[in-house]
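The values are calculated or read from the model by the stated rules, or taken from the named source; none is laboratory data. Since the model is a prediction, treat every value here as computed from it, not as a measurement. No Cβ is skipped: glycine too gets one built from the backbone with ideal geometry, and neighbour counts run over all protein chains shown.
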Amino acid sequence: MSDLLTFDEIAPFLHTNYIGKNIIHFDTIGSTNDQAKITADDVPSSNGTVLISEEQTAGRGRLGRKWISTKGKNILMSIILKPDMMLKDAVKITQIAAAALVCSIRTLGIDAYIKWPNDIIVNNKKVCGILTETKSKLSKIQYIILGIGINVNINSNEIPQDLIKTASSLYIESKNKISRKKLTADVINNFEKFYNKFLIDNDFNSSLEICRKYSAVLNKKIYVINKNKKYEALAVDINNNGELIVEYEDLRREKLNSNEISIRGEHEYI
Ligand code: BT5
């Protein structure tokens, strides 16, 4: 039985109206997010198209960082979204995706949490990262590329030495081999559900409640890293816009927008 993440393999598990109805599959590519931008620019009807690759040679994280992956064992995908939306609302997509991902991973019986804004962690190690990128004109969204990387079936020896303390996979943490195609479909199903609630019903709260419930940072002492400076703070809330509210030692409160901020815990990564 093929374990490639092609449309034919994933489709039997998909229950969406439009996201994932078109899946473009690659054996190898630089970055699915980069390719998705080209598709979004070139193909007007690409709303809901999903690009998936078995391997990335130039996988990207936020702020120019790298995303590492082993061929054929993980999930590397980008979803093209073309909503009628203002740019300021695009940061909410990361929280909607985080809610979808944590639900999908929890359905596998794995205790996953969200490290605001864009990491999913299991046993305090990162198993998944989200990279949301946008193109806009006059503050209006032209498209959003939602990039998702999940470490699914890799062993510890497939994790680079410099990430061994902070990164893991669903297989390492659960000791079960996981069906990549079912998980891919489940993530897309959950994402469309929460995304539609937001877009159609103006309900962002359903996603936020999940982000708060499974937050790995709320009520914890954290370090906020902004432009190479590190500040100690208490994470007190995620507000209705999906921003993290922190309180510094001098009791000053600040709301953090996800774009340029990294969070570290008391014990390095979390
Ligand atoms: C992220 O950035 O976590 C976003 C990752 C998004 C990857 C997907 S894969 C499909 C799509 N196409 C792309 O090119 N990207 C998206 P950030 O929060 O900046 O975290 C990056 C940091 O995580 C790196 O600097 C490493 O420290 C660490 N890292 C890299 N690869 C990792 C991995 N596989 N597992 C866990 N941690 C990793």
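Looking at (1) touching a residue at least 40 places away in the same chain (Cβ under 8 Å); (2) over 19 Å from V102 (Cβ atoms); (3) more than 20 Å from the chain's Cα centre (by Cα), find the lone condition where Y231 falls short.
Every listed condition holds for Y231 apart from (1).
Looking only at the range 50-63, how many residues end up being within 8 Å of the ligand (Cβ to nearest atom), part of a loop (DSSP other than H, G, I, E, B) and free of Cβ contacts under 8 Å to residues at least 60 places away in the same chain?
Residues in the range 50-63 being within 8 Å of the ligand (Cβ to nearest atom), part of a loop (DSSP other than H, G, I, E, B) and free of Cβ contacts under 8 Å to residues at least 60 places away in the same chain: 1 in total.
Of all residues in the range 60-95, which are more than 20 Å from I23 (Cβ to Cβ) and among the β-branched types (V, I, T)?
Within the range 60-95, I68, T70, V91, T94 qualify.
Of all residues in the range 70-109, count the ones that are modelled with pLDDT under 95 and acidic (D, E).
Counting residues in the range 70-109 that are modelled with pLDDT under 95 and acidic (D, E) gives 1.
Which residue out of N47, N22 is in contact with a Lys or Arg (Cβ under 6 Å, 6 or more places away or on another chain) and either away from the ligand (no atom under 11 Å from the Cβ) or charged (D, E, K, R) (or both)?
None of the others qualify; the one that does is N47.
Being without any contact (Cβ under 8 Å) to a residue 24 or more places away in the chain and not in a loop (DSSP other than H, G, I, E, B) is the requirement here; does I96 meet it?
Criteria not met by I96.
Just to be sure, is S69 within 15 Å of the ligand (Cβ to nearest atom) and part of a loop (DSSP other than H, G, I, E, B)?
Yes.
Go through the range 198-270 and tell me which strands (runs of 3 or more DSSP E), entirely inside it, have 1 or more residues that are closer than 26 Å to L87 by Cβ and within 16 Å of the ligand (Cβ to nearest atom).
Those strands (runs of 3 or more DSSP E) span 221-226, 244-248, 253-256, 261-265.
Is there a residue in the range 113-123 that is away from the ligand (no atom under 13 Å from the Cβ), aromatic (F, W, Y) and farther than 20 Å from I159 by Cα?
Yes, there is a match, as at least one residue in the range 113-123 is away from the ligand (no atom under 13 Å from the Cβ), aromatic (F, W, Y) and farther than 20 Å from I159 by Cα.
Please give the number of the condition N33 fails out of (1) in a loop (DSSP other than H, G, I, E, B); (2) touching a Lys or Arg at 6+ places or on another chain (Cβ under 7 Å); (3) closer than 28 Å to T166 by Cα; (4) among the polar types (S, T, N, Q).
Single failed check for N33: (1).
Output the residues belonging to the range 147-171 that are more than 9 Å from the ligand (Cβ to nearest atom) and not hydroxyl-bearing (S, T, Y).
V152, N153, N155, N157, E158, Q161, I164, K165, L170
Based on this model, can you work out whether A112 counts as surrounded by 22 or more Cβ atoms within 10 Å (Cβ to Cβ), at pLDDT 95 or above and either out of contact with any strand residue (DSSP E or B) (no Cβ under 7 Å at 6 or more places or on another chain) or under 25 Å from D27 (Cβ atoms) (or both)?
Criteria not met by A112.
What residue, among those in the range 46-64 that are more than 16 Å from G129 (Cα to Cα) and out of contact with any strand residue (DSSP E or B) (no Cβ under 6 Å at 6 or more places or on another chain), is surrounded by the fewest Cβ atoms within 10 Å (Cβ to Cβ)?
My answer is T57.
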